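One structure below.
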Amino acid sequence: MDATRITGASLGAARIPSGPLDKLAAAAARVAGDGALVFGPARDGSVWGWKLCEAADVPQSDLWERLVNTDVSPKELFMPRTEDIARWRDRLRNLSIAEPAAPPPVVVLGVRPCDAASFDLLDEVLIEGPFSDESYRRRRGATLLITWACGKTGPACACDAFGLAPAAAAGDLMVYPDGNELLLSALTPKGLEVLGDLTGGSTAGEALTGRVDAVAAALNAQKTAVGRRLALDDLTANAAGLTATLFSSDIWTELSPRCLSCGTCTYVCPTCYCFAINDEPRGGDGRRIRTWDSCQFKEFLSMAGGHNPRPSKVERVRQRFMHKLNYHPERYGKFLCVGCGRCIVSCPVGLHVAEVGEALSRAAAAAVSAAKGGE
Amino acid sequence: METILTTSASGAAAAAPAPTLARNPLVPLVATIEKVIDETDSGSVRNFLVRLDDPAAHEAISYRPGQCGMISVIGVGESMIALASTPTHKGPLEFAVKAAGRNTNALHEMKAGQKVGVRLAYGNGFDTEAMKGKDLIFVGGGIGMSGLRSLINYCLDRRGDFGRLTVVYGARSPGELCFKEDIFENWPKAPGIDVNLTVDVGDDQWKGPVALIPPYLESLNPSPQGSLVVVCGPPVMIRFTLLSLAKLGFTDEQIIMTLELKMQCGIGKCGRCNIGSKYVCLDGPVFTLAELKRLPNEY
Ligand code: SF4
Ligand code: SF4
Ligand code: FES
């Protein structure tokens, strides 16, 4: 397990009283840049998601004591459900193609550590490599992320099963609850600027960074209910060596029949990023859009000639969980899951990453002991 | 308020990526169709010769044989197609396209002078370094000749780098053989290349062999010694050709293939084309048979 994903390195710290956060939001908006928009958790009907906050309705800090996490992940702030890739004009006679304008700077106030870590995972896929997904990269680059460490864990939380912890350091600025106060710790130069703006640059002794470390360590020591029973390290340690065994395991035919192919798990998941590209013509003009897609849909992989490499739920369910728990670890060395627990809560038939992770680690252990027995 | 600020950002945390306006690789470039060649009598395959409208961008194009490009009828869709042209000729890009879906059907309706969107170049392409000094056998079926043609013309332009070149190409009927100028005129005249053509069903003018590719290949009895074989074609042909190659003594490492999978972004982001931990659009479409056998069987 990579400990730096949890501890981070503080560039500076500050202490503010709990309560209203409008000053913090305003400082962050100034640092983020002209026209910055501030997003915070907000309820829409019965669903907690992310909403633009005006100065007057910036949430107060007690929100994060009440709310374990939003139902909808904040990934849509960087990869909207639908967005323009390009707009074209005069398709038939004098075609021209233009990219959309650069996105405005954005402050995201109070993402949970698991969700903040999900962006690091998405960055590796979407920004790094031979090509960069530019619209994602632009939004990410224009964002200031304020991460709120978890004072308690929820029943479906599983961060510690996936190499993280309830106060894992990620984003630009960490907020740690500390009694009646909040400790702020900057992880990036941008986060440090926010502290400078908020405090006028006044400095204090080393006691504060010591306190940050102590509070972070105490919060990180919390074990989640799921994490207590899941031990998945074996799956990342030898991902490449396990692919063939796990791929051909019986668990897929056992688990997949109950899947409804509804795609809920992929839409609520902060680390699922599959998308589709489609054209929307309006006369000679139009736009090319990208929308969220789901590997759980049959059409996802049906080809022009009718061939489909994943024709049934067995292959599609296998794809989702193998991608998260085996293929991604093979390619990137870590799970494509931050244990946010959303699929655990949302899947209507209880077919989620904790259950499948457990089954996979059992299958892996069985394969290892069979190999030993055969020696 | 108590604060501590360490102003030197002396450490681990790197600056967040600046929101500069690099070109979005998903946005196609405007290109003009210069010429449309009907490759087959049935009209099933058309070769679109296209040039980017921005001359500097066209000049700057670089690709390897076996790499693909995305060609789009704007407003309809996009298709990933193996480039049939060779980077050693500074001409138009060539996309030999079979009408098989919405975008390719719409493309087949298009004429010279009309506009399309193009972006490239995707995939690993053929490892021409590993091919240096080797005898190369190219086995193509139908439109599978497309990517092979890029490689064959590349090899002919760099003739000294490679050993003997053997082409084995088949189609359902003589009229369905693509790239007729190359296979009947240019290649037979070139030095050190054997061109072997076969058809499933002949016609009045056809004087060549009438045989399926696998038995025909076996009858040619190519030696595995110091050679590599590149196979591109429809799935059934591939399946039986692999059996024949095994019989002839070729190892899995000597057999090079290209995969076709549904693709959308072409740049390793949309999550559509993975086989296990590999992305066909980045790590493929070219794999050796040995590499393919190490991947989950899901393509
Ligand atoms: S797989 Fe489930 S627990 Fe893991 S990140 Fe996605 S929604 Fe959260
Ligand atoms: S695993 Fe659950 S949430 Fe995901 S598609 Fe199947 S039924 Fe829906
Ligand atoms: S085509 Fe999108 S990832 Fe390969």
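Numbers for the structure displayed
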read-out	value
When segment A:1-136 is reduced to its Cα atoms, the Kirkwood hydrodynamic radius in Å	17.7
Rg/Rh for segment A:212-311, where both radii come from Cα atoms and Rh is the Kirkwood radius	1.12
Long-range Cα-Cα pairs in segment A:331-375 (distance over 17 Å), rounded percent	51
Flagged links, alpha-carbon separation over 25 Å, of B:90/B:115; A:23/A:190; B:132/B:180	B:132/B:180
Estimated inter-spin distance, residue A:244 and residue A:84, nm [label 7 Å along Cα→Cβ]	5.1
Residue among A:247, A:321, A:162 with the largest mean-square fluctuation in a Gaussian network model of chain A, springs linking Cα atoms under 10 Å	A:247
Full-extension gain in nm, residue B:134 to residue B:53, via 0.36 nm per residue minus C-alpha separation	25.3 nm
Residue list for segment A:319-350, given a label point 7 angstrom along the Cα-to-Cβ vector of residue A:120 and an amide N cut-off under 14 Å	A:333-339
Computed over chain A, the ratio Rg/Rh where both radii use C-alpha atoms and Rh is Kirkwood	1.00
Overall Cα dimensions of segment A:16-64 - principal axes, largest extent first, Å	33, 26, 15
Ellipsoid semi-axes in whole angstrom, largest first, where each is sqrt(5λ) of the Cα gyration tensor of segment B:205-292	30, 16, 9
FRET E, pair residue A:93, residue B:246, Förster distance 45 Å, beta-carbon r, rounded to 0.05	0.25
Spacing of the two label points (7 Å from each Cα toward its C-beta) at residue A:55 and residue A:262, in nm	4.3
Beta bridge orientation in the protein assembly as shown: antiparallel %, DSSP, nearest 5	70
Share of Cα-Cα pairs in segment A:233-373 lying beyond 28 Å, as whole percent	24
Computed [θ] at 222 nm, helices only, for chain B once each DSSP H run of length n ≥ 4 contributes -39500 (n - 2.57)	-5000 deg cm²/dmol
Square roots of 5 times each gyration tensor eigenvalue, C-alpha, segment A:92-196, largest first, Å	33, 18, 11
Overall form of segment A:226-270 per C-alpha gyration tensor (a/c, 1.5; a/b vs b/c)	oblate
FRET efficiency, 1/(1 + (r/R0)^6) with R0 56 Å, evaluated for residue A:254 and residue A:62 via beta carbons	0.80
Where the Cα pairs of chain B fall when distances are cut into 5 Å bins, in %	1, 5, 11, 15, 17, 16, 13, 9, 5, 3, 2, 2, 1, 1, 1, 0, 0, 0, 0, 0
Choice from B:53, B:127, B:203 showing the highest fluctuation, given a GNM over chain B with Cα pairs closer than 10 Å	B:203
Paramagnetic label zone (point 7 Å from Cα along Cα-to-C-beta, residue B:173; backbone N under 18 Å) in segment B:95-124	B:99
The protein assembly as shown: C-alpha gyration tensor shape, a/c 1.5 cut-off, then a/b vs b/c	prolate
Rounded to the nearest 10 Å², the accessible area of residue B:128 at probe 1.4 Å	20
Accessible area (Å², 1.4 Å probe, nearest 10) - residue B:120	40
Kyte-Doolittle mean at least -0.5 and Cα axial length at least 18 Å: DSSP H helices in chain A	A:113-126, A:207-220, A:353-373
Reciprocal of mean inverse Cα separation for segment B:145-189 (Kirkwood radius, Å)	11.4
Prolate/oblate/rounded label for segment B:128-258 (Cα gyration tensor, a/c 1.5)	oblate
Extension gain from residue A:370 to residue A:298, taking 0.36 nm per residue of separation minus the Cα-Cα distance	22.4 nm
Computed FRET value (nearest 0.05) for residue A:332 with residue A:214, which takes r as the C-beta separation and R₀ as 41 Å	0.80
Set A:313/B:269; A:324/B:278; A:152/A:324; A:298/B:269; A:298/A:324; A:75/A:334 screened for pairs whose C-alpha atoms are more than 21 Å apart	A:313/B:269; A:152/A:324
Area accessible to solvent at residue B:263, 1.4 Å probe radius, in Å²	30
Most mobile of B:220, B:245, B:282 in a GNM of chain B (Cα contacts under 10 Å)	B:220
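The values are calculated or read from the model by the stated rules, or taken from the named source; none is laboratory data. If you're wondering where the values come from, they're calculated on a predicted model, not measured in any experiment. Neighbour counts are summed over all protein chains in view; Cβ atoms, including those assigned to glycine, are modelled from backbone coordinates with ideal geometry. The area values use the complete protein model at the heavy-atom level, side chains included, leaving out ligands, DNA and RNA. Shrake-Rupley method; radii C 1.70, N 1.55, O 1.52, S 1.80 Å.
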